[in-house]
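Chemist: Pasting a structure here, questions to come.
The values are calculated or read from the model by the stated rules, or taken from the named source; none is laboratory data. Only a predicted model underlies this, so the values are computations on that prediction, with no experimental measurement involved. In this analysis, Cβ positions are derived from the backbone assuming ideal geometry, glycine residues included, and neighbour counts consider all displayed protein chains. Side chains are part of the model used for accessible areas, which takes the heavy atoms of the whole protein and leaves out ligands, DNA and RNA. Shrake-Rupley method; radii C 1.70, N 1.55, O 1.52, S 1.80 Å.
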Amino acid sequence: MDPHAWQTVSLDVAGMTCASCVARVERALLAVPGVASAALNMATDRAVIATTAAVSDGDLVASVAAAGYAAQVADDRSDATQAHRRQDELAILQRDLTIAAVLTLPVVLLEMGSHLIPAVHDLIMTTIGMRGAWVLQGVLTTLILFWPGLRFYRIGLPALARGAPDMHALVAVGTLAA
């Protein structure tokens with residue numbers, strides 16, 4: 001094949017969180033007939049693909065979608081859009097971390113406080129009792145898992161069902177097992 005007939009396509013890929021995600025997307029892109037190479041950068045969420053003219057952008061986007069990730073053809077505006085998306089994602093992660101921390105603190109205090117300070121055990125026993133402490137811990141940990149931690153199930157369980165587990169699947173299986 002004449003190397004001058006090749007073109008370069010850039011895709012913005014969303015949802016990659018680890019090296020296995022990058023490898024999975026690269027394999028999916030390389031499986032498209034007419035793709036010579038695919039290089040992904042997880043830091044920029046950008047894929048640069050060398051293809052023949054016969055490969056459509058839609059084929060590339062569809063192969064990434066089949067691997068379980070969202071993609072769109074990169075353009076001049078996508079850098080600004082991507083920066084804005086990253087800021088939004090960071091704000092959501094910070095909010096979820098704060099919520100998880102606030103909900104986790106009482107669980108830690110209820111469970112470990114009596115080990116550190118014996119008076120805490122007496123306070124728990126005289127106010128809500130041991131069974132009440134267990135119920136409160138169960139409610140709080142369930143809130144943690146299914147409010148700020150819901151992202152792990154939304155992403156990890158479908159990845160597990162596809163036979164392509166990632167770090168989200170690891171967290172989902174571990175927390176559900178616990």
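Chemist: What number does the chain give for Rg over Rh if you use C-alpha atoms and the Kirkwood radius? If you can, show how the numbers build up before the last one.
Modeler: Working: Rg = 23.0 Å, Rh = 19.4 Å.
Ratio of gyration radius to Kirkwood radius: 1.19.
Chemist: What percent do you get for the relative contact order of the chain when only Cα pairs under 8 Å and 6+ apart count?
Modeler: Numbers: 189 pairs, mean separation 32.3, N = 178.
Averaging sequence separation for qualifying contacts and normalising by length gives 18 percent for the chain.
Chemist: Something else now. Residue by residue through the range 56-72, what is 3J(HN,Hα) from phi via Karplus (6.51 cos²θ - 1.76 cosθ + 1.60, θ = phi - 60°)? Round to whole Hz and write x for glycine and proline.
Modeler: So the J values, rounded to whole Hz, are 8, 4, x, 5, 5, 4, 5, 5, 5, 5, 5, 7, x, 10, 8, 9, 8.
Chemist: May I ask you to evaluate 6.51 cos²θ - 1.76 cosθ + 1.60, the Karplus curve with θ = phi - 60°, for each residue of the range 93-106 and list the ³J(HN,Hα) values in order in whole Hz, giving x for glycine and proline?
Modeler: Values, residue by residue: 4, 5, 4, 5, 5, 4, 4, 5, 5, 5, 6, 7, 3, x Hz.
Chemist: Express the accessible area of the chain per residue in Å², computed with a 1.4 Å probe while the remaining protein chains stay in the model.
Modeler: Numbers: 10660 Å² over 178 residues.
Accessible area per residue: 60 Å².
Chemist: Using Cα pairs closer than 8 Å and at least 6 residues apart in sequence, work out the relative contact order for the range 83-148, in percent.
Modeler: Numbers: 30 pairs, mean separation 29.6, N = 66.
In percent, rounded to a whole number, it is 45.
Chemist: Next question. What percentage of the solvent-accessible surface of the chain, computed with a 1.4 Å probe over protein heavy atoms, is contributed by carbon and sulfur atoms? If you can, show how the numbers build up before the last one.
Modeler: Numbers: 7160 of 10660 Å².
The value for the chain is 67 percent carbon and sulfur by accessible area.
Chemist: If you don't mind, another one. Between the alpha-carbon centers of the range 82-96 and the range 1-57, tell me the distance in whole angstrom.
Modeler: For the range 82-96 versus the range 1-57, the Cα centre distance is 25 Å.
Chemist: A follow-up question, please. Output ³J(HN,Hα) for the range 26-41: one whole-Hz value per residue in order, computed from phi by the Karplus curve 6.51 cos²θ - 1.76 cosθ + 1.60 with θ = phi - 60°, and x for Gly and Pro.
Modeler: 4, 4, 5, 5, 5, 6, 6, x, x, 8, 8, 7, 9, 10, 10, 10
Chemist: Before rounding to the nearest 500, sum -39500 (n - 2.57) across all DSSP H runs of length at least 4 in the chain and divide by the residue total; then give [θ] at 222 nm in deg cm²/dmol. Walk me through the intermediate numbers first.
Modeler: Numbers: 7 runs with 112 residues, N = 178.
Computed ellipticity for the chain at 222 nm equals -21000 deg cm²/dmol.
Chemist: Still on this model: Tell me which residues come under 5 Å, amide H to amide H, from S37 once H is placed; ignore anything under 5 positions away on its chain.
Modeler: Long-range HN contacts for S37: A50.
Chemist: Starting with the highest mean, order 17-28, 136-147 by the number of other Cβ atoms within 10 Å, averaged over the residues of each peptide. Don't skip to the end; give the middle numbers.
Modeler: Working: 17-28: 17.0, 136-147: 14.7.
Sorting 17-28, 136-147 by mean packing, highest first, produces 17-28, 136-147.
Chemist: Using the crude model of +1 on Lys and Arg Cβ and -1 on Asp and Glu Cβ, and no other charge, please compute the dipole size for the chain relative to its Cα centre, in debye to 20.
Modeler: That gives a dipole near 500 debye.
Chemist: What whole number of Å gives the distance from the Cα centroid of the range 149-178 to the Cα centroid of the range 106-144?
Modeler: A separation of 29 Å, based on Cα centres.
Chemist: As I understand it, the dipole of the chain uses +1 on the Cβ of Lys and Arg and -1 on the Cβ of Asp and Glu, about the Cα centre. Which of Q137, A53, L150 lies farthest toward its positive end?
Modeler: With unit charges placed on the Cβ atoms, the residue in question is Q137.
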